[in-house]
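Have a look at the structure below before the remarks.
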Amino acid sequence: MKLILLVFATAALAAWIVLLCVAGRQEWVSAAFGKILENMLQIDKLRAKDATNAQRLEACRGLERKVMGLFLASDSEKKIAKLQAQNAAIQQGNMRGVSLLVLPGYAAQRLYPKLKLESLHKGLYEKNAELYGKKYADKRAEALLAKLISYPLLAIPAVFALGAAVMTASGSTQGLAVLGIGTALVAVFVYALFDEVDDKLKKRRAAIARQFPNVVSKLALLVTSGMIMDKAWAETSLSRSDELYMEMRKTADELNNLVEPVEAYSNFIDRCNTKETTKLASAIIQNLTKGNAEIGRLLKDMAHEAWQERRHTAKKASEAANTKLMIPTMLLFIAILIMIMAPVVVNFTSLM
């Protein structure tokens, strides 16, 4: 058994080392580009967090503003400057910020092009396209697939070698336990890398659905007051810094850069990919191509429907929360009951 474990560990480690050795300029460039994209995403998150904190501070006054300022204060500018400096260094050829651990994953994708044709890569591409746009979706999918290939090839040999060592020192039972726990931890880690994209996508769609009623209500108000759609869209996009507003801002930037309106709103549909935003953008495209004098009324109806759906969703969430609270409530009731009954039982036993 120990010999088999050592053979598997050696084979996996040898495969990882061989892939690392055959990694060339193309893999370094891909890894560097992936690191730059990761840093850019982190910068966007920090800026969005700062914008949200600033909005929350704007709603506070007097002493409350000072107190909240202590909690919402951050050193985002220092972190952003550090990430930007790292990106600049990488672009100038300094690869110290690029991890060697992912290079075998990139090399495997070059040596075996079919990996990019599998459903796993296609699924990662589609999810990243919705999260970050089609421009960099392929590179982000490539970077995640590299991690999913490289990390297990490096972690499994360590687990197998440790299991064999424990078998030699303490016996087969302890060795098998270490082997099982270690393999499970590696599997959980790899699954967490993959599931992180799904989790982000679900949270993003839920956030967009929550923000949609406010967005469509403001659009309806601006359009019915006489503002043209493109101007109303840009005005609404600048009112907040949440997910849906940021996607609207991207569309507004495309329109300002003379992208065809139909294409710009179609890109908005692809990025958001919810039924509400699809219905909104489709109505706007129809208004642009065929003409629709009732666009204001249509937006009002859409806003009313969105608020009704929002209330229905909130009611369902409340019912689900109540159901989840039943178990801890029952456990608390049992604990209180035990605390009350225990002295009674003890006294009754002493009298007997």
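The values are calculated or read from the model by the stated rules, or taken from the named source; none is laboratory data. Worth saying up front: this structure is predicted, and the values here are computed from it rather than measured. Cβ sites come from the backbone with ideal geometry, for glycine too, and all protein chains shown count toward neighbours.
General remarks:
- Counting only helices (runs of 4 or more DSSP H) wholly contained in region 102-199, the ones carrying 3 or more residues that are without any contact (Cβ under 8 Å) to a residue 60 or more places away in the chain and touching an Asp or Glu at 6+ places or on another chain (Cβ under 9 Å) occupy 137-170.
- Lys114 being among the basic types (Lys, Arg), surrounded by fewer than 16 Cβ atoms within 10 Å (Cβ to Cβ) and under 22 Å from the mean Cα position of the chain (by Cα): no
- Residue match in region 235-257 (condition: among the β-branched types (Val, Ile, Thr), within 23 Å of Leu131 (Cβ to Cβ), surrounded by fewer than 20 Cβ atoms within 10 Å (Cβ to Cβ) and within 27 Å of the chain's Cα centre (by Cα)): no
- Within this structure, Gly133 passes the test of being at pLDDT below 80, closer than 20 Å to Asn273 by Cα and among the small types (Gly, Ala, Ser).
- Condition met for Phe194 (within 31 Å of the chain's Cα centre (by Cα), modelled with pLDDT under 85 and either hydrophobic (A, V, I, L, M, F, W, C) or under 20 Å from Glu38 (Cβ atoms) (or both)): yes
- Top-ranked residue of region 274-297 - restricted to ones that are surrounded by fewer than 17 Cβ atoms within 10 Å (Cβ to Cβ) and closer than 16 Å to Glu130 by Cβ, ranked as modelled with the lowest pLDDT: Lys275
- Pick from region 197-223, criterion charged (D, E, K, R) and over 20 Å from Ala137 (Cα atoms), ranking: modelled with the highest pLDDT: Lys218
- When residues of region 228-249 are limited to those that are touching a residue at least 60 places away in the same chain (Cβ under 8 Å) and in a helix (DSSP H, G or I), the one nearest to Asp198 (Cα to Cα): Met246
- Test: residue in region 189-196 that is small (Gly, Ala, Ser), under 22 Å from Tyr132 (Cβ atoms) and not assigned by TED's automatic domain parsing to the domain that holds Tyr245: yes
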